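So the structure is just underneath, and the comments pick up after that.
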Amino acid sequence: MFNVIEALSFLHERGGVCHNNVCLSSIYVSGDGSWRLGGFEHLCKFEQATPQHLDKGRHLRKTQYLPPEEKEGKYVLNVQYGHARDAYAFGILAEQMLEYLTEMGGMCKSFELAVSVGLLHPDPTVRPRLKTLLTDKIFKNDYLEIMNFLKNITVKDEEEKNLFFSTLAGKVYRLPPVLVGTRLVPQLMTRLVMAEPVAVESFYPHLLSPCTEKNRPEEFIPGQVNPILPAPVYREHVIPILADLFTVHEEHVRMILLHHFSAFVEQFDPELVRRR
């Protein structure tokens, strides 16, 4: 949901445009499992969202996501509230998604309140801008902070990167291993990240050492190597990337692979090696 809110906020705040068709069928799931906003057929500038424009494509839009004022023919034309239509539609979408987040417990409470009291308010002039949701507690977790940092790593200064990578291993260790393998490993094992000296020293020893014990220790212990991924998860998600990295001839990548070779070599499938 964070990616969708971020996309809508960009449209509203930077583009001055409204999507006008936020619904489940406008969401696409990328190969890495993240959500992407699509369905831009009804997009227009705030000032162009006239009754005529909206009515023309209304038969193609999901009735469930239409705000009450539009259903009643009471359109709000003030561009100050151009975000309100998308805010309501996203509120409906969020309610549907919250049914699957019960395991997050109290972390969802403030978000649920923002949706039910704010986004779904019958008065469009009261609905908040979607950018206000980006700082909600539900999105304040290690996983999202890591993903957002990596996405913007090229604009981070050396001090920010050094602090991030020096504390990264402990944060990743506390995340579910399957989540790390499927979503974080492809972002963390790039040539760009491998060029960061603090990542090489403080993070990769933990990531590139598979956990071969039956039960991985629950707590991260500073001052020693804490294998992050159990061997089965490691073989499924890390080994294919390592195999590809062996074709890279950049010195800093080769040095990392050679340094940790003894830690991961036994995880390679002989058949994979032969195919390469």
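The values are calculated or read from the model by the stated rules, or taken from the named source; none is laboratory data. In this text, all values refer to a predicted model and were calculated from it rather than measured experimentally. Neighbour counts run over all protein chains shown; Cβ positions are idealised from the backbone, glycine included. To get the accessible areas, we keep the full protein, side chains included, count just its heavy atoms, and leave off ligands, DNA and RNA. Shrake-Rupley method; radii C 1.70, N 1.55, O 1.52, S 1.80 Å.
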**Request:** Check region 196-216 and report whether any residue there is in contact with a Pro (Cβ under 7 Å, 6 or more places away or on another chain), part of a helix (DSSP H, G or I) and at pLDDT 95 or above.
**Result:** yes
**Asked** So which residues in region 8-18 are outside any strand (DSSP E or B) and either acidic (D, E) or crowded, with 17+ Cβ neighbours inside 10 Å (or both)?
**Response** L8, S9, L11, H12, E13
**Complete:** Within region 72-103, the count of residues that are open to solvent by less than 80 Å² (accessible area, probe 1.4 Å), hydroxyl-bearing (S, T, Y), over 21 Å from R36 (Cα atoms) and part of a helix (DSSP H, G or I) comes to 1
**Prompt:** Scanning for something closer than 19 Å to K131 by Cβ, under 19 Å from the mean Cα position of the chain (by Cα) and surrounded by fewer than 18 Cβ atoms within 10 Å (Cβ to Cβ), does region 38-55 turn up at least one residue?
**Reply:** no
**Prompt:** Where residues in region 217-274 are charged (D, E, K, R) and not in a loop (DSSP other than H, G, I, E, B), which of them is farthest from G170 (Cα to Cα)?
**Reply:** R274
**Message:** closer than 16 Å to L8 by Cα and either within 19 Å of the chain's Cα centre (by Cα) or in contact (Cβ under 8 Å) with a residue 40 or more places away in the chain (or both): which single residue out of K131, K151 fits that description?
**Reply:** K131
**Message:** Looking at region 245-268 only, could you name the residues that are more than 16 Å from A195 (Cα to Cα) and open to solvent by 80 Å² or more (accessible area, probe 1.4 Å)?
**Reply:** T247, F261, S262, E266
**Prompt:** (1) farther than 19 Å from L130 by Cα; (2) in contact (Cβ under 8 Å) with a residue 40 or more places away in the chain: which one isn't true of T63, the others all being true?
**Reply:** (2)
**Asked** Among the residues of region 206-213, is any within 22 Å of S34 (Cβ to Cβ) and acidic (D, E)?
**Response** no
**Prompt:** Does L66 satisfy the condition of being open to solvent by 30 Å² or more (accessible area, probe 1.4 Å) and within 31 Å of the chain's Cα centre (by Cα)?
**Reply:** no
